[in-house]
Amino acid sequence: MKKSFTRAARLVSTQITMTIVLAGLLAIPAHPQQLGTEQPDNYTWLEDINGERPMAWVKAENARTAAVIEKDSRFAPLEAEALTVLESPDRVPDPEFRNGLVFNTWRDSEHVRGIVRRTTLKDYLTAQPNWETVLDYDALSKTDNQSWVGKGLACLQPEDELCLVALSAGGEDAVTLREMDLKTSKFAEGGFVLPHGKQTVAWVDKDTLLIARDWGTGTMSEAGYPITIRRWRRGQPIESAEEVFRGSIKDNGYGNNPRVFIDGQGHQAITVQRNLSTFAHENYLILPGGAKKLALPLKATVGGLLSGQLLVELQEDWTPDGQISKIAQGSVIALDLAAVEKDPARLKPTVVFAPTAQEFEQSFSTTKNHMILAALEHVQQRAYVYTFASDGNWTRKPLAVPDNLTIKSLTASRTDDRFFIGLEGFLTPPSVWLGDAGDGSFAPAKSQKPQFDKGSDVVEQFEATSKDGTKIPYFVVHRKDMPKDGSNPTLLTAYGGFGIANTPSYNAVRGKLWLERGGVFVLANIRGGGEFGPAWHEAGLKTHRQRIYDDFYAVAEDLITRKITSSRRLGIIGGSNGGLLMGVEFTQHPQMWNAVVIQVPLLDMLAFEHLSAGASWVGEYGSVSVPQERAFLASISPYNQLKPDVNYPEPLIFTTTKDDRVGPVHARKFAARMEEFHKPFFYDEITEGGHGAGADKKQEAHTDAEYFTYLMIKLMDPTGPERHN
């Protein structure tokens, strides 16, 4: 099983002490200065995603932007450089254990949509492994006359021989599923096939699936995710699949998902996570007598099974029935599966990992006999091997993760105790380390060659003080000889949402196209993320969200105070929830930025609940059905807060027609209102790519070249109006 982490970073310079002001987490948030009133929505016609009129508007805006950006003399060389980096044969192939072999999904100039390939562990560790192709997405696309994008394999554990291949048309979240036999590398004749849709599947055994998908009227939530789970047996008509669980159409989380956990000793737990809202879940065990609810708090996630122990992450404080002591949010607990099956209403948890004031769990994965857990301490990587002993106690041993590197991926074998951890840093290329949880060994296995010249670049870590006094850490990547005169072209980013820890990464395109040309890069660890545990996230929920935007602005002010940059040379970039962040900063502080890249964004926060999967994010943003929350959403919604009499920087707005998660409508309506107000902007909407930058590396390279050409025009060119605070 493979778990992906937010990409991590190397801190090359002296660290400073980061003090989290807890009072800042609890303070009453200040509201934006500009509450205002709601504007009429004159652009609902753009919500017809594939309609003739909206697509004509998109085509015209794309052409207008291309005439400037793509005609710039820098665009073609930047695109070529980006593609060279993205398709480089020197990239480390990310490994994934499957039944004793190492699998990898690879894309390059010959395999644009990619291939799934495999080799032995011994061969993988050589300089030039001999890969065997299992699945060729380009060939399949040609055969099916469909633009397939691979979305991974869901395999029957622990053998990992029968798998369901997820195929996306153009990169959207909805997929088609087809059964493949990895022993023969062929789609199984007469095997399971599930047509296009947003769906989750789990194998019970070789002839049985649990499926959450659209089964007809009343089986999908208002957010567009499945709420009904059925058991489908091989050879049975899919219409005859037996219902085993049903939620409510008001379950507006990410669907009600089946999961099957099997540990190294053969124990099996069949679970359902019923997502009531964005972060509130009910957890069930599927037993012979039906679905039985576990007496867990609503913010708890069952994440694994090891030695007969269910492993659960807690995102809220919990005092179990019959106990006095509270278990802190951010803990990982264990529940004896046999005891839970007998009495799911009376749980007796054991704390496996407990957070401290500075250290918080990020994710974990299990081998046959052990758990590998990754944590962040002061945004520095930690990792441990946990073992359930015969006396019922848990022991842990630290892994020797090198200083100043953080984890980007973790894949563990289910048939033995080996695991791979991917490590990297801002200036340190990705490497893969092989470990054995049984004997504690842990050593580098593969390293990638540098993809850009880091020269005399260094990384520093600073703190900014937000409006309420909270200390906000951030990283700065720059040349050692960077002048402190405010003249440096600087690109600032953050995410600030959904409890996601936005740790640094080795981004070769950014290094090649931006850092090599003297640009400065800044990553801010603002509230809303998960860098400092659940409380860091909860500090920015719903009507407290202004804190997130104040944090980001505080970092920008600190950069200027330190004379790293100036408003004339400062640009910002962010996508998805980070795209919303960019939109808010664009409207609340237009004088601060000279370039703003808004990627696949949420921008119309008064309408987000009915656009694409928006209803599933009410737990993060709030709901317009609640008067206080509606008033706040109106006060920060970039689409609502655009003003005809304000001088805004000229943004670059990017989205994709195939984005079925956030959707292109937010970007379209925001750009249309800017057009109405006669404000300059660039707009690009590509057809494919889903909720991302492109469906393949050629598309990604084109998008990257567009971003950095725009940023160079705005931040590196000597001409252009000076901006003042």
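The values are calculated or read from the model by the stated rules, or taken from the named source; none is laboratory data. Since the structure is predicted, the reported quantities are computational estimates derived from the model, not experimental observations. Note: ideal-geometry Cβ built from the backbone for every residue, glycine included; neighbour counts use all protein chains shown. Please note that ligands, DNA and RNA were not included when accessible areas were found on the heavy atoms of the full protein model with its side chains. Shrake-Rupley method; radii C 1.70, N 1.55, O 1.52, S 1.80 Å.
Among the residues of segment 630-659, those identified as in contact with a Ser or Thr (Cβ under 7 Å, 6 or more places away or on another chain) and open to solvent by 10 Å² or more (accessible area, probe 1.4 Å) are THR657, LYS658. Only a single criterion out of (1) surrounded by fewer than 19 Cβ atoms within 10 Å (Cβ to Cβ); (2) more than 26 Å from ALA357 (Cβ to Cβ); (3) in contact with a Phe, Trp or Tyr (Cβ under 7 Å, 6 or more places away or on another chain); (4) among the aliphatic types (A, V, I, L, M) is not satisfied by ALA437, namely (1). Of note, ALA412 does not satisfy the criterion of being aliphatic (A, V, I, L, M) and open to solvent by 30 Å² or more (accessible area, probe 1.4 Å). Screening TRP617 on (1) over 16 Å from GLY496 (Cα atoms); (2) of a type outside the set (Gly, Ala, Ser); (3) open to solvent by 10 Å² or more (accessible area, probe 1.4 Å); (4) not in a loop (DSSP other than H, G, I, E, B) shows it passes everything except condition (1). There is at least one residue in segment 679-699 that is assigned to a loop (DSSP other than H, G, I, E, B), under 20 Å from ALA56 (Cα atoms) and modelled with pLDDT of 95 or more. For segment 555-574, the set of residues classified as open to solvent by 10 Å² or more (accessible area, probe 1.4 Å) and in contact (Cβ under 8 Å) with a residue 40 or more places away in the chain consists of GLU557, ASP558, ILE560, ARG562, LYS563, SER566, ARG569, ILE573, listed by residue number. For segment 386-406, enumerate the residues that are open to solvent by 10 Å² or more (accessible area, probe 1.4 Å), in a strand (DSSP E or B) and more than 29 Å from ILE526 (Cα to Cα). Listed by number, the residues that qualify are THR387, PHE388, TRP394, THR395, ARG396, LYS397.
Is it true that ARG118 is surrounded by 19 or more Cβ atoms within 10 Å (Cβ to Cβ) and in a loop (DSSP other than H, G, I, E, B)? It is false that ARG118 is surrounded by 19 or more Cβ atoms within 10 Å (Cβ to Cβ) and in a loop (DSSP other than H, G, I, E, B). Among the residues that make up segment 321-339, is at least one of them part of a strand (DSSP E or B), open to solvent by 30 Å² or more (accessible area, probe 1.4 Å), of a type in the set (A, V, I, L, M) and closer than 23 Å to THR395 by Cβ? No: zero hits.
Restricting to segment 244-262, give me the number of residues that are touching a residue at least 40 places away in the same chain (Cβ under 8 Å), out of contact with any His (no Cβ under 9 Å at 6 or more places or on another chain), within 29 Å of ASP336 (Cβ to Cβ) and open to solvent by less than 40 Å² (accessible area, probe 1.4 Å).
So the first thing to find is which residues in segment 244-262 are touching a residue at least 40 places away in the same chain (Cβ under 8 Å), and the list is 244-245, 252-262.
Now drop any that are not out of contact with any His (no Cβ under 9 Å at 6 or more places or on another chain), which leaves 244-245, 252, 254-260, 262.
From what's left, within 29 Å of ASP336 (Cβ to Cβ): 244-245, 254-260, 262.
Within this subset, residues satisfying the condition of being open to solvent by less than 40 Å² (accessible area, probe 1.4 Å) are 244-245, 255-258, 260, 262.
Matching residues across segment 244-262 total 8.
Considering the conditions (1) in contact with a Ser or Thr (Cβ under 7 Å, 6 or more places away or on another chain); (2) free of Cβ contacts under 8 Å to residues at least 24 places away in the same chain; (3) in a loop (DSSP other than H, G, I, E, B), PRO450 is excluded by exactly one of them, (1).
Annotation: of all residues in segment 456-473 being in contact with a Lys or Arg (Cβ under 7 Å, 6 or more places away or on another chain) and open to solvent by 30 Å² or more (accessible area, probe 1.4 Å), the one that is farthest from SER409 (Cα to Cα) is ASP468. Determine whether segment 418-427 contains at least one residue that is within 30 Å of ALA357 (Cα to Cα), in contact with a His (Cβ under 9 Å, 6 or more places away or on another chain) and surrounded by fewer than 22 Cβ atoms within 10 Å (Cβ to Cβ). Within segment 418-427, not a single residue is within 30 Å of ALA357 (Cα to Cα), in contact with a His (Cβ under 9 Å, 6 or more places away or on another chain) and surrounded by fewer than 22 Cβ atoms within 10 Å (Cβ to Cβ). Counting only strands (runs of 3 or more DSSP E) that fall entirely inside segment 154-243 and contain at least 2 residues that are open to solvent by 10 Å² or more (accessible area, probe 1.4 Å), the qualifying elements are 162-169, 175-181, 193-197, 200-205, 228-233.
Quick one: is ALA357 touching a Leu at 6+ places or on another chain (Cβ under 7 Å) and not charged (D, E, K, R)? Here the answer is no, as ALA357 does not meet what is asked.
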